[in-house]
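First the structure, in the form of structure tokens, and then the observations on it.
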Amino acid sequence: MLIKKLKSIELKNWKLQVDTDNILWLELNCLGKSTNILSEQVRLELGNILKCFEETSSTNLFEGLNGVVFFSTKTTGFSAGADVNEFVNLSKNNNWLEKSRLIVSDGWFLYNRLEELSTKIPTIALVEGFCFGGALELALSCRYIIGIKDNKTNFALPEVQLGIYPGWGGIKRLPERIGPKTAMNLMLTGKFVNSKRAKSIGLIDVLAEKRVAKEACKRLIDKGYKKNTMSFFDKLLLGPLKPLSHFLIRKQLEKKIIKDQYPAPFGILKLWAKHNGDPTRDLSIHDEMLGSQTARNLLRVYLLREKLKNIHKKSTISDDVNSGKVHLNHIHVIGAGTMGGDIAIWCAMHNLRVTIQDTSNKQIGKVLNNASLALKRKFSSPYDQRKILDNIIPDCDGHGIKKADVIIEAATENLAVKKSIFKFIERKARDTALLCTNTSSIKIEDISSCLNDPSRLVGVHFFNPVFKMPLVEIIESKKTDKNFFSYAFVFAHKIKKLPLPVKSSPGFLVNAVLMPYLDNAMRSIDSGIKPEEVDFAMKSWGMPMGPIELVDIVGLDIVLAVGKLTTADESMPSCLTALTAKNHFGKKSGEGFYKWKKGQKVLKNKVSLSKEETNNLAENLIQPLIVRTRQLVEEGIVDDEDLADAGVIFGTGFAPFRGGPLHSQHSYETTEY
């Protein structure tokens, strides 16, 4: 009767199969989607599946079924979790809070039903690939979790990064599985853990090779599994010491995050402490998080990220690369300095063969050493480390140019040097090769003027540090060929960067808006404001780093050079020219606006600004950035406000909770932080 009922359900996103061992295999395969998402339809279908079990007499032992396994065969992963677009669309409506409460409560009760089923019959979440958000909450509702042993399988509850929270049971079940300290570290940051780490912290029960994963499921159902016992201390933190645990975690949180700016982490902690993660017990906690402007803005930032991620799909070249008509396998990098070396390592990490050229063997040796260190941090397997390291090939004479699909110049920011390099490249490169310059400020037309065919050159501007900054500016000159321009977006997608299309102009977008902001900060110092006060004001406003500290880290000499290019008609701030004249270049020289010891800045002055003074100073400091961003949109350097906001957020770290410089300006009169 049960099997018959299950097979009679109309399912578009789930596939059911009972094998000879009487195990029900439930495959999640969202119709027409490359990635599984737990949309409303998917959840309704799961509810109907659970209803069949609930209507079956427990004395019938579910007609001899021995267990249930949830899995997916999609190459992208198990599931990305809830359909974020449901929240995004709702956030634009007046009844946003009411509808969002319904989504959260429905998911909470649905997974409670799955957890109840798991007490009566073994249920397993077999996870390959990513398992994020609501998908991990589904897995936590099962009796067991099996993770595939590879580099693709990762687990996370990233809702906090969208200004929302894991309300389908994650706040309750994750601490009960791995202890409150580790659980809160994951939930309050949105960090992901790979399958090996997940096993070590007790998040998954079994770590299995893919080839034996199904057998591992059968063995687990047949033999059971003695779960790791939580430490006595963690049991205390979940029990009588829960108030103390909440107090200590909140204290740490307050040191890092301002509640008015990011309410979700505090709401998650409060919901766990007061109601063990049950969102239906106190709707005011839900409303504090999702009713905030932060939630709407972070959801907007998510959409901006998706917009950049999908730009490459507009081009037919993307299809040609996927079909093999156009090759994208070999990258040649010229310049083994910090940027060139990191670009080479990043490309190698994304399964591309890289030849790296420099006049100095010593510099190339440094790149290989840095690559070895970076790979040890990222990959635990020595085999994986060696495999990727072997993709980086020293090439002092530039033999790789003839075979490369993409050639990236990452030499010093000097027009004459760059023109000389591209003359050399053009003589050797294939006609189909994409020629890229990593210039941060020089117009593409000025560099391409040395080429017989200037249409081949595209600006592909990476940001430092390459391993952390997600954005690359893809810069088009008036002569750039559309096919080569499109090819650059496909390349950026291949190496998992967010490509931003901009027109050729001094400083492009990010440096063009950053320089007036830094200039304003330094002129504030000229007027008598202390560096510590400037940085404190902007960090309090929501920026990840103060502008003066940023100048010290970038290098005062570099800021001076870029400033002269982007603000040619203005004199430089007096403090900047005075310090550079003394060879005080910032962190790299040991002294700039700050003194630096062992890589850390030494603070000289205490900050004694009131809250109002801090906010007024910050609003004054940020205005040139906002004004210049709008000007660049009006001048057509960036196509629209959304792209401009995306570029400034992902290229400068502009406070994400504000939704972007132009968006924040629009909402300034109605929103108060």
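The values are calculated or read from the model by the stated rules, or taken from the named source; none is laboratory data. Keep in mind that what you see is a predicted model, and the values were worked out from it rather than measured. Don't worry about glycine lacking a Cβ; one is built from the backbone with ideal geometry, like all the others, and counts go over all protein chains shown. These area figures cover heavy atoms from the full protein model, side chains too; ligands, DNA and RNA do not enter into them. Shrake-Rupley method; radii C 1.70, N 1.55, O 1.52, S 1.80 Å.
Taking Lys226 as the anchor, which aspartates and glutamates have their alpha carbon closer than 16 Å to its alpha carbon, excluding any fewer than eight residues away along the same chain?
The qualifying aspartates and glutamates are Glu176, Asp205.
What whole-number value in Å² describes the accessible area per residue of region 510-579 for a 1.4 Å probe?
Accessible surface, normalised per residue, equals 36 Å².
Sort 508-516, 293-301, 214-222 for me by packing, meaning the mean count of neighbouring Cβ atoms within 10 Å per residue, highest on top.
Details: 508-516: 25.0, 293-301: 22.8, 214-222: 17.6.
The densest-packed peptide leads the list: 508-516, 293-301, 214-222.
Over the alpha-carbon set of region 19-157, work out the extent along each principal axis and list the three values in angstrom, largest first.
Dimensions of region 19-157 along the principal axes of its Cα atoms: 49, 38, 25 Å.
Leaving out ligands and nucleic acids, note down the accessible area per residue over region 368-438 with a 1.4 angstrom probe, in whole Å².
Ligands and nucleic acids excluded, the result is 53 Å² per residue.
Where nothing but the Cβ of Lys and Arg (+1) and of Asp and Glu (-1) is charged, how large is the charge dipole of the chain around its Cα centre, in debye to the nearest 20?
With only Lys, Arg, Asp and Glu charged at Cβ, the dipole is about 2300 debye.
Can you give me the relative contact order of region 433-551 as a percent, contacts being Cα pairs under 8 Å and 6 or more apart? Mind dumping the intermediate values first?
Numbers: 165 pairs, mean separation 25.4, N = 119.
Taking the mean separation of contacting Cα pairs over the length of region 433-551, I get 21 percent.
If you add up the charges near Leu352, with Lys and Arg at +1 and Asp and Glu at -1, over every other residue whose beta carbon is less than 13 angstrom from its beta carbon, what do you get?
Taking every Cβ under 13 Å from that of Leu352, the sum is +4.
Once R0 is set to 45 Å, what does the formula 1/(1 + (r/R0)^6) return for the Cβ-Cβ distance between Asp106 and Glu612, expressed as a FRET efficiency to the nearest 0.05?
Computed FRET efficiency for Asp106 and Glu612: 0.55.
Quick one: with all protein chains in place, what share of the accessible area of the chain is carbon or sulfur, to the nearest percent (1.4 Å probe)?
51 percent
If you find the alpha carbon centre of region 540-608 and of region 425-470, how far apart are they in angstrom?
28 Å
For Lys604 and Glu570, what does the FRET efficiency come to when R0 = 35 Å and r is the distance between their Cβ atoms, rounded to the nearest 0.05?
Numbers: r = 28 Å, r/R0 = 0.81.
Step by step, r from the Cβ atoms, then E = 0.80.
At 7 Å along the Cα-to-beta-carbon direction for both Arg430 and Asn95, put a label point, then send me their distance in nm to one decimal.
If labels sit at Arg430 and Asn95, their model points lie 5.8 nm apart.
At 222 nm, what value in deg cm²/dmol follows for the chain if DSSP H runs of at least 4 each add -39500 (n - 2.57) and the sum is divided by all its residues, to the nearest 500?
Working: 29 runs with 330 residues, N = 673.
Rounded to the nearest 500, it is -15000 deg cm²/dmol.
Please work out the average accessible area per residue across region 91-150, using the 1.4 Å probe convention, and give it in Å².
Counting only protein heavy atoms, the per-residue value for region 91-150 is 36 Å².
Output the relative contact order of the chain, whole-number percent, from Cα pairs under 8 angstrom with separation of 6+ residues. Write out the running numbers ahead of the final one.
Values: 1154 pairs, mean separation 57.1, N = 673.
Relative CO of the chain lands at 8 percent.
Among residues other than Asn605 whose Cβ falls under 13 Å from its Cβ, what is the net charge (Lys/Arg +1, Asp/Glu -1)?
Neighbour charge sum, excluding Asn605 itself: +2.
Given points 7 Å out from each Cα along the Cα-Cβ axis, report the Asp282 to Thr119 separation in nanometres with one decimal.
It is 2.5 nm.
Under 12 Å from the 7 Å Cα→Cβ point of Leu303, by amide nitrogen: which residues of region 79-104?
Answer for this model: 85-93.
Quote to one decimal, in nm, the extra length available between Leu244 and Glu55 on full extension: 0.36 nm per residue of separation minus the C-alpha distance between them.
Residue separation times 0.36 nm, minus the Cα-Cα distance, leaves 63.7 nm.
Would you give the gap between the C-alpha center of region 399-420 and the C-alpha center of region 147-224, rounded to a whole Å?
After rounding, the separation between the Cα centres reads 44 Å.
Hey, of [x] 1.78; [y] 1.04; [z] 0.89, which did the structure itself give for Cα Rg over 2.2 N^0.38 Å when calculated?
Checking each listed value against the structure points to [y].
Sort 608-614, 550-556, 233-239 by the packing proxy (mean of other Cβ within 10 Å over each peptide's residues), most packed first.
550-556, 233-239, 608-614
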